[in-house]
1. Confirm whether Asp29 is of a type in the set (D, E, K, R) and crowded, with 21+ Cβ neighbours inside 10 Å.
2. Output the residues belonging to the stretch 197-237 that are in a helix (DSSP H, G or I) and either touching a Leu at 6+ places or on another chain (Cβ under 6 Å) or farther than 21 Å from Phe250 by Cα (or both).
3. Identify the single condition in (1) under 20 Å from the mean Cα position of the chain (by Cα); (2) without any contact (Cβ under 8 Å) to a residue 24 or more places away in the chain that Pro31 does not satisfy, given that it satisfies every other one.
4. Given (1) more than 30 Å from Ile89 (Cβ to Cβ); (2) more than 15 Å from the chain's Cα centre (by Cα); (3) surrounded by 19 or more Cβ atoms within 10 Å (Cβ to Cβ), identify the lone condition not met by Ser218.
5. Which number in (1) assigned to a helix (DSSP H, G or I); (2) farther than 29 Å from Pro113 by Cβ marks the one condition that Arg90 misses?
Amino acid sequence: MEFEMLAFKVTFGAYLGAAVLYLADFWTDRPAAARWATALAWLGLLSNTAALGARIAVTGRLPLANLYEYGLCFAWGIMLGYLLLQLKIRVRGLGVFAALIGFLVIALISLLPRETGDLMPALRSKWLTYHVLTAIVAYSAFALSFAGAVLYLIASGDSPLLAGLRRHLPDREFLDRLIYRAVVVGLPFQTLLIITGAIWAQYAWGAYWSWDPKETWSLITWLVYAAYLHARFVLGWQGRPAAYLAVAGFIVVMFTFVGVTFLMAGQHSYV
């Protein structure tokens, strides 16, 4: 556990440092800051991986049993997705949001208990593993769509305060496609999240669906992103309206991830 704690602290510091340096590059156009930020992001991903590996070594299972472990995986998924994209194409400003979201998730779970005791019976199911893994992929993709949407709104705005930032951003068509492609990746995994969650619920509690708050808000998340794709394909939405809908979707994601857990009692309250 000492090694895991050390790796966790390195992850915390590396993601924070990466967010600050990416912001410095984004705001002042300093390529050296971006290079150091990317190095810190890779360091954070490596230490995040080490923290996950240490927990697996101690518990003998995948770290998917509580909100602390899920948050550790969520931050890892966001940074992995961003850095893999960065290897293919550099998107100015995207690292700010990827590193900042990763840091905020790590900061949040640093306040949570880290016990590694025996799993309650409801958690001893392969369907829980499938359920949480699909959630990590879906939410990581939605985080990238959110980052692209915010960048699009900055790029397409007319505020003189952000004029300097707009000069450094990719063209709006590219950002619009980035949002769309991230949602196209995320929504099928959100669908699998709901399906595997229903199968797990039947195994654990004897019912596929009980309108538990987490179930309900997962469905709301699905509906928001399905509405995004419907609006794009059927209504022809692109640009700012679609970007606002992508931002709204990620707000729902974060409420499902954090708000429901702490504010609403339900079958997921143990996480």
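The numbers here are math on the coordinates, done by the rules we state, and not lab data. Since this is a predicted model, take the numbers as computed values, not measurements. Cβ sites come from the backbone with ideal geometry, for glycine too, and all protein chains shown count toward neighbours.
1. For Asp29, the condition - of a type in the set (D, E, K, R) and crowded, with 21+ Cβ neighbours inside 10 Å - is not met.
2. Across the stretch 197-237, the qualifying residues are Ala198, Ile199, Trp200, Ala201, Gln202, Tyr203, Ala204, Trp205, Tyr225, Tyr228.
3. Here Pro31 clears every test but (1).
4. (2)
5. Going through (1) assigned to a helix (DSSP H, G or I); (2) farther than 29 Å from Pro113 by Cβ one by one, Arg90 breaks only (1).
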